[in-house]
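Here is the structure we will look at.
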Ligand SMILES: [Mn+2]
């Protein structure tokens, strides 16, 4: 399977540190995608986000429920984070998703339909509702998008999006430039699952 992955974050205008962090891990044919939003912005948000990333990196082999629980414990002295995690199944057909707080995730399917993945209410570091994991189809031609509330929740990717998803590095810059809020950090991750090509 071939994933075209790109991610970018940008801080609150005029600030240097960014509280939004995106990550992609790949090991033993398993791909894991993560979007983190440290509450607020600035140094405190960036510190909480880095702490969350460090914790999650150490929990990758665990079930998502355990990883979130551990992260919630470790972040109790921080201002807290919202986190979304998507794991691609090794068979290349599905994604398992879980989130806490207001990071957003959706799958834009090859047929043009959009599936939005919901997160649990709460904040990692301050508690959350029992975690619900969702499983969605993720097949060649589909695109996973994960982003923070520095972009509009109902972000309209427009009619040209399915074509643009195939160039995520280019498209991500366009979306951040056009849609980012001037009142928060912003972050976006795009993973396009390349359709089989006939050469
Ligand atoms: Mn935010």
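Just so you know, all these numbers are worked out from the coordinates, no wet-lab data involved. These numbers were taken from a predicted model, which means no experiment stands behind them. Glycine gets a Cβ as well: all are built from the backbone with ideal geometry, and neighbour counts include every protein chain shown.
Data for the structure
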quantity: Rounded tilt (10° steps) of 168-179 against the dominant C-alpha axis of the chain; calculated: 60
quantity: Förster radius 30 Å - calculated FRET efficiency between residue 61 and residue 135 (Cβ-Cβ, nearest 0.05); calculated: 0.95
quantity: Per-residue [θ]222 nm for the chain (sum of -39500 (n - 2.57) over DSSP H runs n ≥ 4, rounded to 500); calculated: -6500 deg cm²/dmol
quantity: Label-point gap, in nm, between residue 111 and residue 177 - each point 7 angstrom along Cα→Cβ; calculated: 3.5
quantity: Spatial separation of Cα centroids for the stretch 15-69 and the stretch 154-175, in angstrom; calculated: 24
quantity: Computed Rg/Rh of the chain, alpha carbon atoms with Kirkwood Rh; calculated: 0.95
quantity: Degrees, to the nearest 10: 64-74 long Cα axis against longest axis of the chain; calculated: 30
quantity: Helix 43-57 vs. the chain, principal-axis angle (Cα, 0 to 90°, nearest 10); calculated: 60
